[in-house]
1. So how do D:189-198, A:230-239 stack up, highest first, on mean other-Cβ count within 10 Å?
2. Copy-to-copy spacing for D:Gln8, label 7 Å out on the Cα-to-C-beta vector, in nm, shortest first?
3. Whole-Hz Karplus ³J(HN,Hα) for the stretch D:96-110, in order, using 6.51 cos²θ - 1.76 cosθ + 1.60 and θ = phi - 60°, x for Gly and Pro?
4. Looking at the axis that maps chain B onto chain A, which chain B residue has the closest Cβ, and how far off is it in Å, rounded to a whole number?
5. Suppose each label sits 7 Å from its Cα in the direction of the beta carbon; what would the B:Arg142-D:Lys18 distance come out to in nanometres?
6. For chain C, modelled as a Gaussian network with Cα springs under 10 Å, which listed residue fluctuates most, C:Pro64, C:Pro26, C:Pro262?
7. For the stretch D:83-93, just list the computed ³J(HN,Hα) in residue order, Karplus coefficients 6.51, -1.76 and 1.60, θ = phi - 60°, integers in Hz, with x standing in for Gly and Pro.
8. Excluding same-chain residues fewer than 8 positions from B:Lys192, which lysines have a Cα within less than 22 Å of its Cα?
There are 4 protein chains.
Amino acid sequence: MHNNATPQQIDAVCAAIKAMGFEPMPMPGAQRMAIGLVGNAGPVDGSGVAAMDGVAQIIPVTKPFKQVSREWRKEDTVVAIGAGVAFGGRAVPVIAGPCSVETEEQILAAARGVKAAGASALRGGAFKPRSSPYAFQGLGRRGLELLALARRETGLAVVSEAMDEAGADLVAEFADCIQIGARNMQNYSLLKAVGRLGKPVLLKRGLAATITELLLSAEYVIAEGNSQVILCERGIRSWDTLVRNTFDLSAIPVVHKLSHLPIIADPSHGTGVREHVAAMARAAVASGADGLIIEVHPTPDRALSDGAQSLYLEQFASLVPELRAIAGAIGRTIG
Amino acid sequence: MHNNATPQQIDAVCAAIKAMGFEPMPMPGAQRMAIGLVGNAGPVDGSGVAAMDGVAQIIPVTKPFKQVSREWRKEDTVVAIGAGVAFGGRAVPVIAGPCSVETEEQILAAARGVKAAGASALRGGAFKPRSSPYAFQGLGRRGLELLALARRETGLAVVSEAMDEAGADLVAEFADCIQIGARNMQNYSLLKAVGRLGKPVLLKRGLAATITELLLSAEYVIAEGNSQVILCERGIRSWDTLVRNTFDLSAIPVVHKLSHLPIIADPSHGTGVREHVAAMARAAVASGADGLIIEVHPTPDRALSDGAQSLYLEQFASLVPELRAIAGAIGRTIG
Amino acid sequence: MHNNATPQQIDAVCAAIKAMGFEPMPMPGAQRMAIGLVGNAGPVDGSGVAAMDGVAQIIPVTKPFKQVSREWRKEDTVVAIGAGVAFGGRAVPVIAGPCSVETEEQILAAARGVKAAGASALRGGAFKPRSSPYAFQGLGRRGLELLALARRETGLAVVSEAMDEAGADLVAEFADCIQIGARNMQNYSLLKAVGRLGKPVLLKRGLAATITELLLSAEYVIAEGNSQVILCERGIRSWDTLVRNTFDLSAIPVVHKLSHLPIIADPSHGTGVREHVAAMARAAVASGADGLIIEVHPTPDRALSDGAQSLYLEQFASLVPELRAIAGAIGRTIG
Amino acid sequence: MHNNATPQQIDAVCAAIKAMGFEPMPMPGAQRMAIGLVGNAGPVDGSGVAAMDGVAQIIPVTKPFKQVSREWRKEDTVVAIGAGVAFGGRAVPVIAGPCSVETEEQILAAARGVKAAGASALRGGAFKPRSSPYAFQGLGRRGLELLALARRETGLAVVSEAMDEAGADLVAEFADCIQIGARNMQNYSLLKAVGRLGKPVLLKRGLAATITELLLSAEYVIAEGNSQVILCERGIRSWDTLVRNTFDLSAIPVVHKLSHLPIIADPSHGTGVREHVAAMARAAVASGADGLIIEVHPTPDRALSDGAQSLYLEQFASLVPELRAIAGAIGRTIG
């Protein structure tokens, strides 16, 4: 309450809290009166009370999310997207591959290369969210068929992005894990749709999303009955122009504290600059990430998208042993 | 190029630019060589070249958008969403109403109140994107029917948000203008869908979107053949916790310079705090905004969403004359 | 407290609060226990308690600042920097002039021009904080002498920036108001020094400063016994590259609510782009700013600093009548 | 140039570039004319040209800094602050200790504890920049004397912050390395002062500083003849409230690419939350940081400042072996 709130205003707020079905608990202070709300089993919309006379501010104490929280479930959730490819346990699987599926030759070369280097899963976009409507938008169904072909050839699990409900059905048909991109993190219709599909979901953090919002978006998926959600830190928007995004690795320990869900890291989008990907991949493993997703392309200089942040196959092959050494240093393994 | 780039590397980049169908133009400097790319009619994906040896950075000069740009069309585009309700001309229409449609009584009281005060259009959400899956999600079709009822009663044009393709069809059936919310600004499937529907679109800026990205999202709508797009500044994410968002009013003159599309301002989300809405609404008109969208609720303290930033009807009624005075001072009118 | 905090942990926290001289007030909730701290006359450093077992988080309720607050002093503070040049009353004075004092001819031309157009005070830097050590750093004492000359010629009050204690003494000797720039907003040694000098202080908001931090920096000046502080919004750092800074006009009503100090706006640094200055200056007056500070240069294309955001004298002369019209619309005057 | 720039405008810009002593190089494009500026040995202030008719924008290609750049000096600079304590080589020294020097007992306990655990240097503030003028401001000279005592007892090198010129002289007298805090990163008077003192300088990145600005601030120190500068990433301001700052580890590889100066990381301020410090310290070493600075306090729950982010001595003792393992995995050593 404001420091000049009247007893009538304080009584009115208490009455309003009672009318909401909760218990008000006035706490007098030297400068002002605070009124606690107790008895709520979860978050309460306090905007009505905030609008009452004499109210200075509403301070939420209870966390707004529920099933994703560590308090709801103490043990780490382990999400498997294929035989031997599980996120949230001791192993740290690496998902690698090109930004977009371009041709059969390209995706097979990428898949064989990253498999040989030690990756556990293949990434590749068939539906691409591009800032410009005139940029390459992906091969669609044909891209998914090529990913399935690459899986048959290599045994790698397949991760691919969906941008809408129709696309999600298709991705679910061909891939092992449906990716929701950063721009769609708060596309709630899509989150509900993938929640209903029941396939593992890789949910990327939005460019300006708080960790709380990321967890609430995961809650949308889980609320539909699908608890197989892998979170992903991929960089947030900042003002420095020397990198494409600011890779917020503190998200890894913060999520581990608040939630039982696994969280992986994407150093490719996290930096946007090829020559910084290896350093940030190492840092991500050291910070406790439950997996990595890295863009690798057989010929980055001819890539139709994200060429500047994609590793060459040889670079990726040199990186994996470094990651193994770091993982070993903290009692984990790669893959 | 890097300052130690070899002649071979420079030649290779020039050859790559030629292979893309453009003309390389080397510019020797005291410290390094720069290579210009000329002959392009629009933006070029330089990520392939960026990946080549010896390349220090790619600096784009051409703007990435096209049909939304002032260079494409010199005259201001005027978007009418109802009889006498046009954005982009001398008049500055005000869209007002509650965050969500809640009941017949509520929406009719809101509609009559804002109409009497001088509003030109009614806002009200039937589909609500809420951070939490457990928060009120809107009345859906029933909400749209109530908006249509309010339009019959008052003559106000109706603006309502769509969150997916199915919802967009429904909104298009009942409303005069389809709103795309900030969280969906880069939901390209939805942008294409409303582009095909042909109804006026109110496109809100995303929380971390640059003006360039906002314009590119409008380009998605226009590329489908629908040029009736109204842009909207509604606050961007920042670190200050005394406001909900940072209202970036410089977006108004920046958009007017770059694009022929009208841009309006939303001081309710722009600040998130009721007592600051009036000051920011006045500032928006003074900055040259082509319209306003303001949350007004007959009983904000009982609102199901956004109560803390909704004006009381009496506050809105006092604000409109202030806006008229400001508009008059810069040669415009309200409504 | 954490939801699994033990009674022992709760007791320990209560004991710690008592040991700090305050009263603990436990508030049991359905999910967790909260413990209020009452009896404090001002902000309390809770970091010790935050470190105790079982504590989930510390939530401050009392504001951290004191003498700058509206609760400390209800009436607006009016700061006069010259005869008839007062900030915080009904009038809205305009400070105008070049970024840097360059030559006698330049500063006199600027002073005469802005005086004729309606400005009340002259700005001009003699000590310039430049990102690069190799950029023009100002004329120093000679610049201050030229400002004093311009004051004698025109009667304009003079505002100039100080970067360190020695410079502050000099600026106090020659100018009517000492400016503390954005980069020095948290240079506490300098704030204390200008607090002791007793001259009016123009305190600019830092690029990443919250409003609370701005007010706390003003508190540093006032705590030394100098309450003549004028605050200034000048744009904060954001990610959009089409403007140099993001002009956060909501700072105007937010400061007016929290503090009795006047706050002015700097649309030149707030946008960094000359062609957007006029729109943002109009918006600032409409939002309730208590003054403006605008960069104006007789020959911006030859300016030694900030040329791209400085108005031509003719542009400034056209802007003032627009500002008068806006000010009149909200019951204020310019100058 | 704008796409409708006239030949006269283009000629005028070319003439202006020539008048500045450089060579203009026109590059015609399909949409617009670009004019390159060649022959400059360093950064050029283009604001005058930006102000000319027909000019659309100025795009700088040359980097604005000079002596700090990797192009100026290819080999890594190694900065030693004590016998066997060198930053920039294969070893990764750890600086540890309390935020503030509080008492002889406290600083000696801290020094002995961190020394035993493996730290190479002791941190401790005698002059504290606090947001509030009413918070503990440090012991001043007495604090520095206690640090010197702790050095005699343990052999640890000593790092302490200076906030103004007078303080810098004192710190230089007692400590081995002068720290410039984040809030003073652009306090150019202070940077010049420590440049003249010739002692090693630990320069922390400001809360909203770009890497380029950090390097330019280092350039201020070097331009005075002192090249012993250690840079430090300590978190930047962001919107997430679950951490105090956003720890931008990509600064490590970015600085290593651009500059020959060593860069260390401060995971204590970088996160602001004790329980996340260890994960981020490991990540920093993995990313290639040349050192760490970590807040450690014998009794964090009774600390006068930063208690919530300070490690207990036992936590620090457990962390160092983890850091050794990570360092070993990338071919480096701790200390």
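The values are calculated or read from the model by the stated rules, or taken from the named source; none is laboratory data. In this text the structure is predicted, and so the values were computed from the model without any measurement. Because the Cβ atoms are built from the backbone with ideal geometry, glycine has one as well, and the counts that use them run over all protein chains shown. Heavy atoms of the whole protein, side chains included, go into the accessibility calculation; ligands, DNA and RNA do not. Shrake-Rupley method; radii C 1.70, N 1.55, O 1.52, S 1.80 Å.
1. A:230-239, D:189-198
2. Computed spacing set for this position: 5.2, 7.2, 8.8 nm.
3. Per residue, the Karplus-derived 3J(HN,Hα) values read 9, x, x, 4, 10, 6, 10, 9, 4, 4, 5, 6, 5, 4, 5 Hz.
4. Residue of B nearest the axis onto A, distance in Å: B:Ala208, 2.
5. My value for the distance between the label points is 7.8 nm.
6. C:Pro26
7. Computed from phi, the couplings for the stretch D:83-93 are 4, x, 10, 10, 9, x, x, 6, 7, 10, x Hz.
8. Within the straight-line limit of under 22 Å, B:Lys192 reaches these lysines: A:Lys128, A:Lys192, B:Lys63, B:Lys66, B:Lys128, B:Lys204.
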